[in-house]
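The values are calculated or read from the model by the stated rules, or taken from the named source; none is laboratory data. Every value quoted in this text rests on a predicted model; they were computed, and no experiment measured them. Using ideal geometry, Cβ is built from the backbone for each residue, glycine included, and neighbour counts are taken over all protein chains shown.
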Amino acid sequence: MAQQQMRVRVVKVEAPSATTRQIYEDEFKNLYSDEVIEPPYNLKELKRIAEYSTILQQCVDAYRTNIVGFGLQPDYTFDINAKDVSEKVKKQVENEWVRLEEFIKYLHFDESAETILGYALEDREKTGNGFTEVLRDGLGRPAGIEYIDCQTMRVCSYTEPVEVEFTITENGVPKKIKRLKKFRRYVQMVNGKKVFFKEYGDPRVMNLTNGKFDESTPEHLRATEVIHFKIGSGTYGIPRWIGHIVSLYGARKAEELNYMYFKQGRHTPAAIIVENGMLSEQSFNQLQEYMNSIEGVENAHKFLLLEAEGIPQENFVDGEEKVTPVKVQIKSLAEVLQQDALFLEYDEKTRSKLRSAFRLPPLYTGEAHEYNRATADTARKITEEQVFQPERNFLANKLNTLFLPALELQHVKITLKGPDFRDPIEIAKVLTPFINAGAASPNDLRDLLGRVLGKTLEEWPAEYNKPFQLLMKEQQSTMPILMQKSKEQQNDLIMLLKDIRDVLEELKV
């Protein structure tokens, strides 16, 4: 009896790897001890994982833009326009304002201060840890900051307590006190080279090559200071999204699965079934050529002719060979083809989980198709109130606590600007009844009018800063006196009345 022939396709299987495939090799692996503390998570992998996620980088960018993206500016620590503030104090406060303004402006010469802080904030949101180096001037005051990549930094254990001087105020009078405080050291390693840093505020002199405190250290070997921005109260910060890392990896695998579906061509539209025979050598080669053509373009609108040969079988009755009839079928597999990407709902759930870890609505990650103006305004205001403004306050308070005492500034502080949600038109509608009742003076409305006109307007002198109704009443009672005034004074008063009228007209629009 003739033997049935079979064709099989042999696929080479790669041997399993004998080594692990980690993203990186930790340069600190031989340095960890009681002195240098090992981080709880792989810092390089945490930072790089945003490159493989479809949602994490958007959340980090939203934090960076809305926390430090609007810039830094000075602000008063009290009401400088209060009646009990003397001119001497006002002059002192103005001098402090200028000093702080210049300090913010020249924190970095190549980039703005908010850009450098933004780099550290981005690291903090990705890995839980952000670092900035602080540089001091010849007088020992902080004068500049530099960004440090968190991947290369490690935290050391606390050193022995050291006496530190602090400035407090009692009844508005500055007073210096001393107390003991523990400081940490930090070490950076790049290409096998180590550099030590001390925590900001540590008054001791430290050698940057070995991390030892030595007053005789040469100037060029003295360690600079570091500010550690972290999430949480641990030695290292923990990313706020770390609980969703499995979902993040799963979403990545789902994306790879969909990509490989198209790359490997696992979308066979039909199956060719041969019964009681086999394809001829020529037909088999033609079919292989057809299937292996590039994207099927070369075979578009062509016919495929297949020839099959029957299998000869021996007849046990008369001993003659008989060829069985061949049957060729082409069965459609369209019903089992993948119609769309797999795990789309899983991916959407993962995106929602990551956004919830940052407490962000979809509006901040570029997904605003479900919003109208009312819902968008509500989402922005709630997020600003519950997320971004507290984060700005936290960062500003840390900068003020660290920098202002060293700069000897008491009446001004650093603030982080935020978005302005106020609508001048809506405010004008609210103010109209108060203006008509004479409860608003021109200077109360100058800032609002300046926003409408797009320019800064100076305030009117106190003698003219009265409600419109009161000014009109005084005008009627002093009209004879007005006629006796000089023409220049008359023109000044007329211009004032015109400005007041313009304010009212703008607010009624």
Exercise for review: Determine which single condition F131 fails, assuming it passes every other condition in (1) in contact with a Cys (Cβ under 9 Å, 6 or more places away or on another chain); (2) part of a helix (DSSP H, G or I).
Suggested key: (2)
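Rundown of residues vs (1) aliphatic (A, V, I, L, M); (2) touching a Leu at 6+ places or on another chain (Cβ under 8 Å), yes/no style:
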{"site": "K353", "(1), (2)": "no, no"}
{"site": "A396", "(1), (2)": "yes, yes"}
{"site": "H411", "(1), (2)": "no, no"}
{"site": "I414", "(1), (2)": "yes, yes"}
{"site": "D420", "(1), (2)": "no, no"}
{"site": "G438", "(1), (2)": "no, yes"}
Check your understanding: Which one of V246, V190 is loosely packed, with under 13 Cβ neighbours inside 10 Å, closer than 28 Å to N42 by Cα, of a type in the set (A, V, I, L, M) and not assigned by TED's automatic domain parsing to the domain that holds N397?
Key -> V246
Practice item. Read through the list (1) at pLDDT below 95; (2) in a helix (DSSP H, G or I), then give the number of the only condition that E111 fails. Key: (2)
Exercise for review: Go through the stretch 395-426 residue by residue and tally those that are surrounded by 15 or more Cβ atoms within 10 Å (Cβ to Cβ), among the hydrophobic types (A, V, I, L, M, F, W, C) and touching a helix residue (DSSP H, G or I) at 6+ places or on another chain (Cβ under 9 Å).
Suggested key: 9
Practice item. Inspect all residues belonging to the stretch 461-479 and state whether any of them is assigned to a loop (DSSP other than H, G, I, E, B), charged (D, E, K, R), at pLDDT 75 or above and more than 45 Å from the chain's Cα centre (by Cα). Key: yes
Practice item. Determine the pairs where a residue that is farther than 14 Å from D423 by Cβ, located within the stretch 365-383, has a partner that is among the basic types (K, R) and surrounded by 12 or more Cβ atoms within 10 Å (Cβ to Cβ) with Cβ atoms under 7 Å apart, the partner being 6 or more residues away or on another chain. Key: T365/R355
Practice item. Would you be able to say whether some residue in the stretch 83-100 is in contact with a helix residue (DSSP H, G or I) (Cβ under 9 Å, 6 or more places away or on another chain), surrounded by 15 or more Cβ atoms within 10 Å (Cβ to Cβ) and under 20 Å from F388 (Cβ atoms)? Key: no
**Study point:** Checklist (1) surrounded by 20 or more Cβ atoms within 10 Å (Cβ to Cβ); (2) part of a strand (DSSP E or B); (3) not acidic (D, E) applied to A62, failing item
**Key:** (2)
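Go through the residues of the stretch 182-198 one by one and say whether even a single one is in a loop (DSSP other than H, G, I, E, B), touching a helix residue (DSSP H, G or I) at 6+ places or on another chain (Cβ under 9 Å) and not polar (S, T, N, Q).
Checking the stretch 182-198: not a single residue is in a loop (DSSP other than H, G, I, E, B), touching a helix residue (DSSP H, G or I) at 6+ places or on another chain (Cβ under 9 Å) and not polar (S, T, N, Q).
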Point to revise | Single match in R351, R380, R355, R373 (criterion: modelled with pLDDT of 75 or more, surrounded by 13 or more Cβ atoms within 10 Å (Cβ to Cβ), basic (K, R) and farther than 23 Å from E255 by Cα) | key: R380
Review point. In the stretch 401-456, how many residues are touching an Asp or Glu at 6+ places or on another chain (Cβ under 8 Å) and among the basic types (K, R)?
Key: 2
